[in-house]
Each structure stands twice: as C-alpha cells, then as structure tokens.
Amino acid sequence: MTSEINIEPEDCVVKQLQEKGIKPKDLKAVVISHVHHDHTGGLADLFEAPIFMSKEHWKAFSRPVYASIEGCAPSHWPKKFVPTFLEAIGGPIGPFPHSYPLTEDGKVVAVDTPGHVTGHISVIVFAEDTTYFLTGDATYSLDLLDREETDGVNDDPKKAVETMRKIKQFAREREVVVLWE
Ligand SMILES: [Zn+2]
C-alpha cells in the first residue's frame, strides 16, 4: 500500500509563519523529531535557522542512500545540510533521564523518545496553564498511547513501547496536552 501526502500551498510552513508575521530568518531554532520525509517537508525553506536534532539520529540517517531506503527524502533537505545537535545538558524530567534545553529558561526542552527510529526526540513545552508534549512519531493517537500499541514502522518495537510508557508516566505526574506533528 502506498500513501500520498498532499500539501496545499497555503499549508506550507513559510505561509503559515507569514500569517503570524514571522519570517523564516527570524526563527531561532527549528527542532525536528527525526528526518522521515513527512517531518522534513519545507525544511529547505527554513535553512536560515539552526535545525536541531539528536546527534545519534543524524549519525544513523546522514547517508542519503540509507536515509532514502528508510523513508526519508534527502533531496528535500537544505543544500549542504548540516544540522545543529542537541546537547543533553538538562537534568532529568519525570521518567526521562536527561533533557536538551531549547530555551534559556528551560521551558522548552527535548527528550529522548527512541523506538520509531534511533535518536528520535520529542519536545516538551512548559506553558503557564499546562504542559504540551509534542510526540513526533513516538505515538499517533491517545488511544494507541493508552493501549501502549505501536503503529506503523518501528526500528525497535520494544523501545517504542518503553517510550510510550514514559510519556504516560510523565502525563501521570502533571496535566499534559499531547500533540502530534
Ligand atoms: Zn517517522
């Protein structure tokens, strides 16, 4: 089975930013959970900002031939693409043993959520009223998360389940809104 993703011009990231009065060059960081093709569309338009990902992930996926076989579209990456690597200088957050601070105040951080692919990361935003957890492809729905059921392709299904358990543990400790990319 093949699936097609149709993105209308008005759906593209640059257009959506424009509607909020933000130019791509104003971005301080672009954080991607992993480089599968459906998570990197439009990345070439954001080349002026540092594009963050985990070093472990890039080590596994930086070779274009391998990346293509694994469901990536390296031809859509920015020219001479060199990502900026996240640094695990933050302390533990809930069940996650360490974190990658993305802002100085520590209110936006990345955490390791491997399983779907090596070095996959998710982003946590500690907002005033609640906490947002941006899963990437660590899970696809609350229902799947609830049942700890992996879906789609996972490089390491055992780790994928461990990751889901950690997300649930994190959500037991505070109010969390889970968001999918
Ligand atoms: Zn993926």
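No lab work stands behind these numbers, since they all come straight from the coordinates. Treat the numbers as computed from the prediction; the structure is a model and nothing was measured. As a convention, Cβ positions derive from the backbone with ideal geometry for all residues, glycine included, and neighbour counts pool all protein chains shown.
What lysines could a cross-link reach from K168, if we take a straight Cα to Cα line under 24 Å and drop same-chain neighbours fewer than 8 places away?
K107, K158, K159
Could you check how many percent of all C-alpha pairs in the range 9-179 are farther apart than 24 Å?
Numbers: 5346 of 14535 pairs.
Tail of the P(r) past 24 Å holds 37 percent of the pairs.
Name the residue from V153, I32, T135 whose Cα lies farthest towards the positive end of the charge dipole of the range 9-179, charges +1 on Cβ of Lys and Arg and -1 on Cβ of Asp and Glu.
My answer, from the dipole projection, is I32.
I'd like the distance separating the alpha-carbon centroids of the range 90-110 and the range 12-79, in whole Å.
The range 90-110 and the range 12-79 have Cα centres spaced 21 Å from each other.
Taking the highest mean first, how do the peptides 89-97, 113-121 order by number of other beta carbon atoms within 10 angstrom per residue?
Working: 89-97: 14.7, 113-121: 24.1.
Highest mean packing first, the order is 113-121, 89-97.
Residues of the range 48-68 with the amide nitrogen closer than 15 Å to a label point 7 Å from the Cα of H98, along Cα-to-Cβ, please.
Zone members listed by number: 54-57.
Any idea what the dipole of the chain comes to, in debye rounded to 20, about its Cα centre with Lys/Arg Cβ at +1 and Asp/Glu Cβ at -1? Could you put the intermediate results ahead of the total?
Values: 19 positive and 29 negative charges, 136 e Å.
The calculation lands at about 660 debye.
Percent of Cα-Cα pairs more than 22 Å apart in the range 94-181, please. Walk me through the intermediate numbers first.
Details: 700 of 3828 pairs.
Of all Cα-Cα pairs in the range 94-181, 18 percent lie more than 22 Å apart.
Pull up the DSSP beta bridges for the chain and report the antiparallel fraction as a percent, rounded to 5.
65
Lysine pairs in the range 19-102 with alpha-carbon atoms under 17 Å apart, 8 or more places apart or on different chains: how many are there?
Values: K20/K28; K25/K79; K55/K80; K59/K80.
Close lysine pairs under the 17 Å cut-off: 4.
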